[in-house]
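Single-structure report; data block below.
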Amino acid sequence: MKKLIVLIPEGISINYFAYQAEAGASSGLKPHLDIVRSGRMKLRGPGASFAAVRKLVEDYKVDTVAIRVVYGGNESETPLAYNGTHLRALEDLVRESPVDLPPVIKLLKNLQRIIPAPEILLFFETSFFVDLPLQERTYALGDSSSDLSGKKSRAYRKYGYHGLFHEEGLRRGQREFPDANRIISICLGPVPEVAAIYNRKPVMISSGSTPLEGLPGNTTCGDMDPGVVMLLESKLGPEMTNEMLSRKSGLSALAEKSITIEDLFRGDEKYGQARNLLQYRVLLSCGSAIAIMDGVDAVVFTGRYASSAVQLSEWLLPRLVSPAMPKLSGTSKNVGEPQKSVRAIYVHESLDRIIAEMCTSIPIPH
């Protein structure tokens, strides 16, 4: 029996999930997981203490600590067995992810003081998208975006920020439909995201250099003309503009109250404008994915609000099916064959369980 804890830092808190797991990788079977404890600890402010994390690990006699990390730059692998030498690399990335990485670095330093030390595994959300095609990840920026060595900054490229959900979507899609080589993965989270996965590789992502680009979220603006951002900054300043775009915009701004994606699909028409906007933006992203992959074999829904995927798919999937093109003049043949109905997969596993299953079923190099 293996004991592991999954840690998911979010803002000023860290969510923890303690699991007992039977070995799965050696037997080739999916591991049996039992969650025995979960909760939240504060990372900043009154009462915050990383000592609480240490106490949890020591009291529970943990074999493995798995940490979800939002940003890992261009070099990180997932999962990564942490051995202490990776700390400097993470510290070098702080300027590219100043909000998400400092709590992770402090957490790692605290865990290193535990004796006997548990195995530490890092799961980076951006790793799945490190090898995005050049034309997909590149912005049309000039030399001013380069560093002193003349290289374009890693911060000025597109990433995906729900890579672990998209990876699980790929695994589930290939397990249920082995012939599906063109998968659209839709992660319904607080900041939703659409990815195109062709022959097991991501080839398109709706997010950008930060999660602000792409689809509108619970409180995030999504795609926006940079000119609007500059106008807001001239009136509000950079800090208040960032606050507005990341915490006071999105679906909640349209609804004029704090809502989630889950609220949109409960049938209340007062959220109709926000629901229509989200559906439309998802459809546009799916259209881009289909154009890039020359079709779609399956659509996989994951994320915190995957329970709303059935309602979204009822509206979305019929619009992803193309009828045959009209006949060419002087011929008896249609230009194209009708698109078959799109197969859908709904993945309801939480992020912590996905990580826990990866810990026990995927061989991890050390």
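Coordinate-derived values only; no laboratory data. Keep in mind that this is a model prediction, so the values were computed, not measured. Every residue, glycine as well, gets a Cβ built from its backbone with ideal geometry; the counts of neighbours run over all protein chains shown.
Were the residues from Ser38 through Leu284 laid out at 0.36 nm apart, the gain over their Cα-Cα distance would be 84.8 nm. Site pair Leu317 and Asn199 shows an inter-label distance of 2.8 nm when each label is modelled 7 Å from Cα along Cα→Cβ.
Basic side chains Lys and Arg get +1 at the Cβ, acidic Asp and Glu get -1 at the Cβ, and with that the dipole of the chain about its Cα centre reaches some 300 debye.
Approximating the spin labels as points 7 Å out from Cα along Cα→Cβ, the Met1-to-Val310 distance works out to 3.5 nm. Summed over qualifying helices (DSSP H, 4 residues or more, each -39500 (n - 2.57)) and divided by its residue number, the chain shows a 222 nm mean residue ellipticity of -9500 deg cm²/dmol. Nearest 10 degrees, 0 to 90: what angle lies between the long axis of helix 101-111 and the longest principal axis of the chain (Cα atoms)? So the helix axis and the longest Cα principal axis differ by about 30 degrees.
Once the Cβ-Cβ distance of Arg343 and Ala52 is raised to the sixth power relative to R0 = 45 Å, the FRET efficiency obtained is 0.50.
Its Cα centre serving as origin, region 177-346 has a Cβ charge dipole (Lys and Arg +1, Asp and Glu -1) of approximately 440 debye. When the listed pairs Lys106/Lys270; Lys109/Lys257; Lys61/Lys106 are checked against a 32 Å cut-off, the alpha-carbon distance exceeds it for Lys106/Lys270; Lys109/Lys257. Net charge in the neighbourhood of Glu176 (other residues with Cβ under 13 Å of its Cβ; Lys, Arg +1, Asp, Glu -1) is +1.
For region 2-124, the square roots a ≥ b ≥ c of the C-alpha gyration tensor eigenvalues yield an a/c of 1.5 or more together with a/b not exceeding b/c, which makes the shape oblate. With both residues required to sit in the chain, DSSP beta bridges show an antiparallel share near 65%. To the nearest ten degrees, helix 163-176 and the longest principal axis of the Cα atoms of the chain are 60 degrees apart. Estimated at 0.36 nm per residue, the fully extended path between Asn74 and Glu262 surpasses their Cα-Cα distance by 64.4 nm.
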